[in-house]
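Enquirer: Handing you a structure now.
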Amino acid sequence: MDVIFEYRQILIQGTLVTISLAVLSLALSIVLGLIGAFAKLSPTRGIRRMGNVYTLFVRSVPDLVLMMLIFFGGQTLLSQIGGLTGLWDYIEINQFVAGVLTLGFIFGAYMSETFRGAILAIPQGQIEAARAVGMSPGQVFRIVTWPQMVRFALPSFTNNWLVLVKSTALVSVIGLHDLVWNAFSAGRSTHQLFSFMIAVMGVYLVITGLSDLLLRMVDRKYAVGVRRA
Amino acid sequence: MNPERSFYEYLESFSENQSPIDFVLIYDNLGRFFDGALVTLQLTFLALLVGGLIAVPLAIARAYRKPFLSPAIRVYTYVFCGTPLLVQVYLFYFGLGQFTTVQESFLWDPILSNPWWCVIIAFTLNTAAYTTEFLRGAIEATPHGEVEAAKACGMSPFTRMRLVILPNAFRRALPAYSNEVIFTLHGSVIASTVTLQDLLGVGRWLNGRYYLAYEGFLTAMMFYMAIVFLITFAFKMAEKRFLGHLRPRETSVPGTANIAARVARLDHHSQNLR
């Protein structure tokens, strides 16, 4: 236990990296998820199909494989494009960017499933009524669709977020100095890996526990006026 | 002319002249990828099998709120569902060596110092935790009438569990279980971080050996996609067989006309198949 206290500084640093990685990926995944959800519900066949291909692809490829492909392959690809066009000569994707891009891309697919279900759960009559009183599509989304969508999407959204937090651990494999990486190197140098891994598990449990609490509060806010069974 | 040879020659010229990806290298190492796929499948299904066997009694204890047992199981599932699988694997593979008693025990040499065993233990405990929780939900969702009817027929609690509650709970859990199988497969890539040569491990080896950026990962990706499609297809068939009575016949919610039409078309199609 003393050893972990001694190394608290680097563990806290790692935790901050993990949290910022998770939050940024979440933001990206929400944007991609909304785009994906509307693509999947689009009246145009081609766009609908693209949305479906996106979710199908992400569901079938493991996250670490995609992450390595983006981190190692993307780097080479960008350099090759730069070499061919002569616009830039060498570009380095850092691990943080690769992590955010990959996690955002992956969870964007799960979010689009979540949002699609939530949009479908809103009675179509409400949207028609909103259009009939002269709201613009933007207003319909902001005033009618969004508040109810959040309510319907929240349970599945919470679940996605918890899975996302846990997935951030994988970036340590491509060398980002997140919580797991820092704890691993500290544990290795002190020969106390078990204690450090237990500490890491504790931190993750605290993060997930706190976000559970927070999202329950959000749920209460958006569930105003709904009778619960 | 030998067609095999000409295909290889075609691949060679295509890789050299047109493609940024070296297909010859992939073709030459395809055998290794199949070996890797075997390791991946072995890890996945062994973990699922043992994890599933552990999960059934735990889920029953949870669903019937056995005192002491149920909270203890909840702590176990909470910890294993709430922390990353990677950390769990590290805990078993790297962590246990911290204790000299473990290092000196009879289990160390054959099992606990071996990455394959550590990965299997971590995967099994992980999938057992997830399976316990959704199986508990499925058991709790048993309609009370079914239990009453079974009691009225004079079934003992054990028979009731065996013939009524569990079979129906398994049916209800089937869609969730298909997700769990895919997640376990996706999780199995973590084996490559502790030196095992699974599919991703082979991909990383190939890239490291020839100093490549895409080939190994792309090939591994294709293999994973193929496996997931096969699993999804198998579960579709299973759901059709076991959950056929729940399939929507006709959807008439306005606004979902598109989807309704698609479901109807699918329905029509599947009826034609039969």
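Every number in this text was worked out from the coordinates using simple rules, so none of it is lab data. Just so it is clear, the structure is predicted and the values come from calculations on it, not from any experiment. Ideal geometry is used to build each Cβ from the backbone, glycine not excepted, and the neighbour counts take in all protein chains shown.
Enquirer: Read phi for every residue in segment B:62-67 and hand back ³J(HN,Hα) as whole Hz from Karplus 6.51 cos²θ - 1.76 cosθ + 1.60, θ = phi - 60°, with x for Gly and Pro.
Expert: 5, 5, 8, 6, 4, x
Enquirer: Also, quick follow-up: Calculate, in nm to one decimal, what B:Asn114 and B:Leu246 gain on full extension: separation in residues at 0.36 nm each, minus their alpha carbon distance.
Expert: Working: separation 132, 0.36 × 132 = 47.52 nm, distance 4.57 nm.
Between B:Asn114 and B:Leu246, full extension yields 43.0 nm more.
Enquirer: Here's a follow-up. Please get the size of the charge dipole for segment B:21-242, origin at its Cα centre, with Cβ charges of +1 on Lys and Arg and -1 on Asp and Glu, quoted in debye to the nearest 20. Intermediate values should be presented prior to the final figure.
Expert: Numbers: 16 positive and 13 negative charges, 194 e Å.
For segment B:21-242, the charge dipole is close to 940 debye.
Enquirer: Rank B:Ser13, B:Ser178, B:Ser188 by mean-square fluctuation in a GNM of chain B with C-alpha springs under 10 angstrom and give only the top-ranked residue.
Expert: Highest fluctuation among the options: B:Ser13.
Enquirer: Just from its helices, what would the mean residue ellipticity at 222 nm be for the protein assembly as shown, if runs of 4 or more DSSP H residues each count -39500 (n - 2.57) and the sum is divided by every residue, rounded to the nearest 500 deg cm²/dmol?
Expert: On the way: 23 runs with 369 residues, N = 503.
Calculated from helices alone, the mean residue ellipticity at 222 nm is -24500 deg cm²/dmol.
Enquirer: Connecting C-alpha atoms closer than 10 Å in a GNM of chain A, tell me which of A:Gln13, A:Gln126, A:Gln75 has the biggest fluctuation.
Expert: A:Gln126
Enquirer: Continuing with the same structure: Please check: in the Gaussian network model of chain A (C-alpha springs, under 10 Å), which one of A:Val163, A:Val203, A:Val133 has the largest mean-square fluctuation.
Expert: Ranking A:Val163, A:Val203, A:Val133 by mean-square fluctuation puts A:Val133 first.
Enquirer: For the pair A:Asp2 and B:Glu104, what calculated FRET efficiency results from E = 1/(1 + (r/R0)^6), where r is the Cβ-Cβ distance and R0 = 35 Å, to the nearest 0.05? Could you put the intermediate results ahead of the total?
Expert: On the way: r = 24 Å, r/R0 = 0.70.
The computed FRET efficiency comes out at 0.90.
Enquirer: Cα atoms only, chain A: Rg and Dmax in Å?
Expert: 21.1, 69
Enquirer: Still on this structure, I have one more. Please compute, over every Cα-Cα pair in segment B:1-131, the percentage with a separation greater than 18 angstrom. Before the final figure, lay out each step's value.
Expert: Working: 5871 of 8515 pairs.
The calculated P(r) of segment B:1-131 puts 69 percent of pairs beyond 18 Å.
Enquirer: So if I take the centroid of the Cα atoms in segment B:108-158 and the same for segment A:173-229, what is the distance between those two points in Å?
Expert: 26
Enquirer: What does the convex hull of the alpha-carbon atoms of segment A:122-216 project to on average, in nm²?
Expert: On the way: hull surface 33.2 nm².
Over all viewing directions, segment A:122-216 projects a mean Cα-hull area of 8.3 nm².
Enquirer: Also: Work from the charge dipole of segment A:2-222 (Cβ charges, +1 for Lys and Arg, -1 for Asp and Glu, about the Cα centre) and give the residue of A:Gly46, A:Leu78, A:Ile198 farthest towards its positive end.
Expert: After comparing all options, I get A:Gly46.
Enquirer: Something else now. Report the Rg/Rh value for segment B:21-242, based on alpha-carbon coordinates and the Kirkwood definition of Rh.
Expert: Working: Rg = 20.8 Å, Rh = 19.6 Å.
Taking Rg over the Kirkwood Rh, I get 1.06.
Enquirer: Also, quick follow-up: Grab the Cα-Cα distance for B:Cys153 and B:Leu53, subtract it from 0.36 nm times how many residues apart they are, and report the gain in nm with one decimal.
Expert: 33.2 nm is the gain from fully extending B:Cys153 to B:Leu53.
Enquirer: Shifting gears a bit: For the protein assembly as shown, what does the alpha-carbon gyration tensor say about shape, rounded, prolate or oblate, given a ≥ b ≥ c as the root eigenvalues, a/c under 1.5 as rounded, and a/b over b/c as prolate? Before the final figure, lay out each step's value.
Expert: Values: a/c = 1.36, a/b = 1.11, b/c = 1.22.
Judged from the Cα gyration tensor, the protein assembly as shown comes out rounded (a/c under 1.5).
Enquirer: Using +1 on the beta carbon of Lys and Arg, -1 on that of Asp and Glu, and nothing else charged, what's the dipole of the protein assembly as shown about the Cα centre, debye to 20? Before the final figure, lay out the partial values.
Expert: Values: 39 positive and 29 negative charges, 538 e Å.
With Lys and Arg at +1 and Asp and Glu at -1, about 2580 debye.
Enquirer: Which FRET efficiency value, to the nearest 0.05, is calculated for A:Thr76 and B:Glu239 with the Förster distance at 41 angstrom and r the Cβ-Cβ distance?
Expert: Numbers: r = 42 Å, r/R0 = 1.01.
The pair A:Thr76/B:Glu239 has a calculated efficiency of 0.50.
Enquirer: Here is the link list: A:Lys166/B:Lys151; A:Lys166/B:Lys236; B:Lys66/B:Lys151; A:Lys40/B:Lys236; B:Lys151/B:Lys240; A:Lys40/A:Lys166. Which ones come out longer than 32 Å on Cα distance? Walk me through the numbers before you get to the answer.
Expert: Details: A:Lys166/B:Lys151 44 Å; A:Lys166/B:Lys236 29 Å; B:Lys66/B:Lys151 21 Å; A:Lys40/B:Lys236 21 Å; B:Lys151/B:Lys240 30 Å; A:Lys40/A:Lys166 27 Å.
Over 32 Å Cα-Cα: A:Lys166/B:Lys151.
Enquirer: Hey, rough spin-label estimate for A:Thr190 and A:Val224, points 7 angstrom out along Cα→Cβ, what's it come to in nanometres?
Expert: 4.7
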